[in-house]
Amino acid sequence: MIGRTEDEAFGRRYMLELGVASGSLGSDRDAVLVRAEASDGYHLSARQSAFVSATVSARHEGGQWADSLFSTSARYFYRHSQRSVFYAGFSADIGSNLDADHDLLLGGDNGMRAYPIAFQSGEKRALLTLEQRYFTDWQVYRTFTVGAAVFADIGRVWGPNSIDAPVLGTVKDFGIGLRFGNLRSARANVLHVDLAWPVDDPFNSGPQLMIETRSTF
């Protein structure tokens with residue numbers, strides 16, 4: 001975050017959720033739903049930290065498993081100085097018999113900032129993000145703090161999809177961005193303004209400007 005105290009969860013965390021859908025309670029089918037998550041954080045050194053997590057979710061109905069998804073992610077931070085941080089993030093998702101509205105997407109709102117929304121779709125996905133982040137002490141009217149980033153994204157989806165979209169293999173982009181941390185909001189949203197250029201765009205759509213809010217830098 002920018003200009004705020006940030007709590008990081010170093011240490012192990014486990015979570016298990018179980019749910020039941022029953023026709024007697026108004027459901028259109030009987031099913032058992034399960035979701036499990038595990039995560040851990042590590043102090044690698046005074047300037048380095050890493051966080052890993054894994055999640056599995058599925059629904060059991062009609063004697064078989066449906067909408068099954070396994071997801072894992074890793075995040076690495078190296079603080080060069082008080083005002084610069086290198087970040088690397090990797091995530092991988094593997095789905096099986098996914099519901100039509102749960103296809104794994106890759107595009108402008110799913111990590112590939114130079115590509116259209118839902119640019120690619122499938123049952124498996126991998127994404128690598130590299131960012132050099134910069135922080136300033138500039139405050140705009142004591143309302144926003146300002147940061148910047150230089151980034152590159154590499155992603156891929158494969159497997160069947162419900163929209164019959166062509167699979168284009170690994171795609172890449174690079175770009176620059178500004179970050180505006182809201183000091184006056186209790187939700188601590190960060191406004192992202194990114195200008196990204198595609199490397200593997202078969203439609204030659206050119207650079208894309210993305211403006212969105214996130215909870216972190």
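For every residue, the table says whether it meets (1) open to solvent by less than 30 Å² (accessible area, probe 1.4 Å); (2) without any contact (Cβ under 8 Å) to a residue 12 or more places away in the chain; (3) charged (D, E, K, R); (4) within 24 Å of A54 (Cα to Cα).
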{"site": "L128", "(1), (2), (3), (4)": "no, no, no, yes"}
{"site": "T136", "(1), (2), (3), (4)": "no, no, no, no"}
{"site": "G147", "(1), (2), (3), (4)": "yes, no, no, no"}
{"site": "V150", "(1), (2), (3), (4)": "no, no, no, no"}
{"site": "D153", "(1), (2), (3), (4)": "yes, no, yes, yes"}
{"site": "R156", "(1), (2), (3), (4)": "no, no, yes, yes"}
Can you give me the ranges of the strands (runs of 3 or more DSSP E) entirely in segment 35-122 with at least 1 residues that are among the β-branched types (V, I, T) and in contact with a strand residue (DSSP E or B) (Cβ under 8 Å, 6 or more places away or on another chain)? 48-61, 64-81, 84-96
Given the criterion within 19 Å of the chain's Cα centre (by Cα) and under 25 Å from F217 (Cβ atoms), identify the matching residue among A50, A46. A50
Residues that are assigned to a strand (DSSP E or B), surrounded by 13 or more Cβ atoms within 10 Å (Cβ to Cβ) and polar (S, T, N, Q), drawn from segment 170-217: N182, Q208
Only listed residue being open to solvent by 70 Å² or more (accessible area, probe 1.4 Å) and at pLDDT 90 or above, chosen from H102, H80, H60: H80
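Given the condition out of contact with any Cys (no Cβ under 7 Å at 6 or more places or on another chain), among the aliphatic types (A, V, I, L, M) and open to solvent by 80 Å² or more (accessible area, probe 1.4 Å), answer yes or no: does some residue in segment 36-50 qualify? Working first, answer last.
Initial filter on segment 36-50 (out of contact with any Cys (no Cβ under 7 Å at 6 or more places or on another chain)): 36-50.
When the remaining residues are screened for being among the aliphatic types (A, V, I, L, M), the result is 36, 38, 44, 46, 50.
Okay, now just the ones that are also open to solvent by 80 Å² or more (accessible area, probe 1.4 Å), so 44, 46.
Yes, there is a match, as at least one residue in segment 36-50 is out of contact with any Cys (no Cβ under 7 Å at 6 or more places or on another chain), among the aliphatic types (A, V, I, L, M) and open to solvent by 80 Å² or more (accessible area, probe 1.4 Å).
The values are calculated or read from the model by the stated rules, or taken from the named source; none is laboratory data. Because the structure is a prediction, the values reported are computed rather than measured. In this analysis, Cβ positions are derived from the backbone assuming ideal geometry, glycine residues included, and neighbour counts consider all displayed protein chains. Remember, those area values only see protein heavy atoms, side chains included, never the ligands or the DNA or RNA. Shrake-Rupley method; radii C 1.70, N 1.55, O 1.52, S 1.80 Å.
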